[in-house]
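Report on the following structure.
The values are calculated or read from the model by the stated rules, or taken from the named source; none is laboratory data. None of the values given here were measured: they were computed from a predicted structure. As a convention, Cβ positions derive from the backbone with ideal geometry for all residues, glycine included, and neighbour counts pool all protein chains shown. SASA here: full protein model, heavy atoms, side chains in, ligands and nucleic acids out. Shrake-Rupley method; radii C 1.70, N 1.55, O 1.52, S 1.80 Å.
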Amino acid sequence: MLRVLAVASVALGPQAAGWVRTMASHQLLVGPPEALRKPLSIPSRLLLGPGPANLAPRVRAAGGLQVIGHMHKEMHQIMDEIKQGIQYVFQTRNPLTLAISGSGHCALEAALFNLLEPGDSFLVGVNGIWGQRAADIGERIGARVHLMIKELGGHHTLQEVEEGLVQHKPVLLFLTQGESSSGVLQPLDGYGRLCHRYKCLLLVDSVASLGAVPIYMDQQGIDVLYSGSQKVLNAPPGTSLLSFSDKAKNKIYTRKTKPVSFYLDIKWLANFWGCDDKPRIYHHTTPITGLYTLRESLALIVEQGLEDSWRQHRETMAYLHGRLQELGLRLFVKDPALRLPTITTVAVPAGYDWRDITNYVMDHFDIEIAGGLGPSAGKVLRIGLMGCNATRENVDRVTGALREALQRCPRHKL
């Protein structure tokens, strides 16, 4: 082949000869990495941190299936089934319900990019890191962001929210149902109705709570709800769930400006996900394997039933709390009604460095637990019980590991 090209270059003259030389005119500066010549090795660990959780066996099997085209009719069928699953776990009949090709952060940005325009008033409940992140994104969009700040471990009351609605007249309120950095469960009954009285939309983050505690999107008047794949659903990170009420859809479709992101433009995504009863137009290449696994994770919770999943997490949480208190550990969230079943926060015991405890549990037992995040960093340990990981057996394993860690880790005098 090279001889033919050389002869052709002579026949075609100096210009063609230059084309031939440029095919291999430089030496490689970067050689093949030796690390990639070795087989991939992944340790076997029990993930009892704030997420991701371990994958369910059926979900793992789905991840090994061969890909098909993202515009094939079979893929559209899978997307439709995912939409139905999201409507079930969200308890909504919203037609504008879909999955996002990205983690829960991506779903939050999709919601805010489409709902907010520069100059809009945006009220944010901040009782942990997720309110901080929502406020940051709102500022980047150019919204007028107003913070309702609660101490770590606290929640936003209806009275406090109403005061914020009266003072700031926002078009959108953000609340986190499951604040994974502090372990707080935010009540939601009455908040949607209150927002609508003041012509405000309600956006709720349920990444750390979906499937473990009751949520009724339509009945609670939630206008925008999002969640992630990697916690109670026991699917790989990288896809997220999102739904918009008709009120929220109208806000999006009557915008004066285009959303700042094409990738997360809901008008395009609504068509791509078959939400607008029009022929689907290519928007982006979806994570096909991620959608397989998301579909199977939703199928598993459908088979179990939402109410049984809620009961499972409530009972396992109660068992964990009892075992932790037997060890002399103090639960960080004081009000039992406000404790998030999926992620329990424990005050770091006096005299210990939290890193010593988490490292010991990982190194000696192959169990992940975590320290705090954002405003809770250095203050708490976080223990996650999500989906198939929420079992009494896992509680016994992690509390046994903690017992040994507290005996073996150095304790400094205060």
Worksheet, complete the sentence: Computed over the chain: longest principal axis from alpha-carbon atoms vs helix 354-365 long axis, angle to nearest 10 degrees, is 70 degrees
Fill in: Compactness index (Cα Rg / 2.2 N^0.38 Å), the range 147-241
1.09
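How high is the FRET efficiency between residue 58 and residue 81 when r is their beta carbon distance and R₀ equals 22 Å, given to the nearest 0.05?
Details: r = 15 Å, r/R0 = 0.66.
FRET efficiency, residue 58 to residue 81: 0.90.
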Item to complete: Two decimals is fine: what is log10 I(q)/I(0) at q = 0.21 Å⁻¹ for the range 62-140, from a Debye sum with one equal scatterer on every Cα and no solvent?
Response: -1.06
Worksheet entry | Surface per residue (accessible, 1.4 Å probe) for the range 306-408, Å² | 43 Å²
Worksheet item: residue 330's amide H: which non-local residues (gap 5+, or another chain) put their own amide H closer than 5 Å, with H modeled 1.01 Å from N in plane and none for Pro or chain starts?
Response: 347
Worksheet item: Kirkwood Rh over Cα pairs of the range 171-301 into Stokes-Einstein at 25 °C, 0.890 mPa s: D in µm²/s?
Response: 151 µm²/s
Practice prompt. Using only Cα atoms, find the angle between the long axis of helix 129-141 and the longest principal axis of the chain, and express it within 0 to 90 degrees, rounded to the nearest 10.
Written response: 50 degrees
Worksheet item: Residue-wise, which Karplus ³J(HN,Hα) couplings in Hz belong to the range 101-106, taking 6.51 cos²θ - 1.76 cosθ + 1.60, θ = phi - 60°, and x for glycine or proline?
Response: 7, x, 6, x, 4, 5
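Two decimals, Cα atoms only, Kirkwood Rh: what is Rg/Rh over the range 306-408? Could the numbers behind the result be given before it?
Details: Rg = 13.1 Å, Rh = 13.8 Å.
So for the range 306-408, dividing Rg by the Kirkwood Rh gives 0.95.
Do any of 73/249; 73/256; 169/334; 169/267; 73/267; 231/256 go past 30 Å between their Cα atoms, and which? Could the numbers behind the result be given before it?
Working: 73/249 26 Å; 73/256 35 Å; 169/334 32 Å; 169/267 26 Å; 73/267 21 Å; 231/256 36 Å.
Those over the limit are 73/256; 169/334; 231/256.
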Practice prompt. Would you mind telling me which residue in 390, 24, 107 has the biggest mean-square fluctuation in a Gaussian network model of the chain, where springs connect alpha carbons within a distance under 10 angstrom?
Written response: 24
Worksheet entry | Note, ³J(HN,Hα) from phi for the range 84-96, Karplus 6.51, -1.76, 1.60, rounded to Hz, x at Gly and Pro | 5, x, 5, 4, 5, 5, 7, 6, 9, 9, 4, x, 7
Response to the item:
P(r) of the chain over all Cα-Cα pairs, 10 Å bins starting at 0, rounded to whole percent, reads 4, 20, 27, 22, 14, 6, 4, 2, 0
Worksheet item: Ignoring ligands, DNA and RNA, what percent of the accessible area of the range 273-337 is carbon or sulfur (1.4 Å)?
Response: 51 percent
Discussion item. With angles folded into 0 to 90 degrees, how steeply does helix 2-12 sit against the dominant principal axis of the chain? Use alpha carbons for both and round to 10.
Written reply: 60 degrees
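Rounded to the nearest 500, what is the 222 nm mean residue ellipticity of the chain from helices alone, with -39500 (n - 2.57) per DSSP H run of 4+ residues and division by all residues? Present the calculation step by step, with values, prior to reporting the outcome.
Values: 14 runs with 170 residues, N = 414.
Result for the chain: -13000 deg cm²/dmol, rounded to the nearest 500.
How large is the Kirkwood hydrodynamic radius of the range 277-333, in angstrom, based on all distinct alpha carbon pairs?
Values: mean 1/r = 0.0654 Å⁻¹.
It is 15.3 Å.
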Discussion item. Using the Karplus curve 6.51 cos²θ - 1.76 cosθ + 1.60 with θ = phi - 60°, what ³J(HN,Hα) values do you get for each residue of the range 275-285, in whole Hz, with x for Gly and Pro?
Written reply: 9, 10, 6, 10, x, 6, 10, 4, 10, 7, 7
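Rounded to a whole number, what is D in µm²/s for the range 57-304 from Stokes-Einstein with the Kirkwood radius over alpha-carbon pairs (4 °C, 1.567 mPa s)?
This corresponds to a translational diffusion coefficient of 71 µm²/s.
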Discussion item. Report the per residue volume, in Å³, of the convex hull enclosing the C-alpha atoms of the range 358-409.
Written reply: 80 Å³
Item to complete: Rounded to whole Å and sorted largest first, list the principal axis extents of the Cα atoms in the range 114-175.
Response: 31, 25, 14
Worksheet entry | Residues of the range 114-162: accessible area per residue with a 1.4 Å probe, Å² | 41 Å²
Worksheet item: Where is the GNM fluctuation largest for the chain (alpha-carbon springs, 10 angstrom cutoff): 230, 159, 220?
Response: 159
Response to the item:
Contact order relative to length for the range 57-304, counting C-alpha pairs under 8 Å separated by 6 or more residues, stands in percent at 28 percent
Discussion item. For Cα pairs less than 8 Å apart in space and 6+ apart in sequence, what is the mean separation divided by the residue count of the chain, i.e. the relative contact order in percent?
Written reply: 22 percent
Worksheet item: So which aspartates and glutamates can residue 83 reach, going by Cα to Cα under 15 Å and dropping same-chain residues fewer than 8 places off?
Response: 74, 276, 277, 296
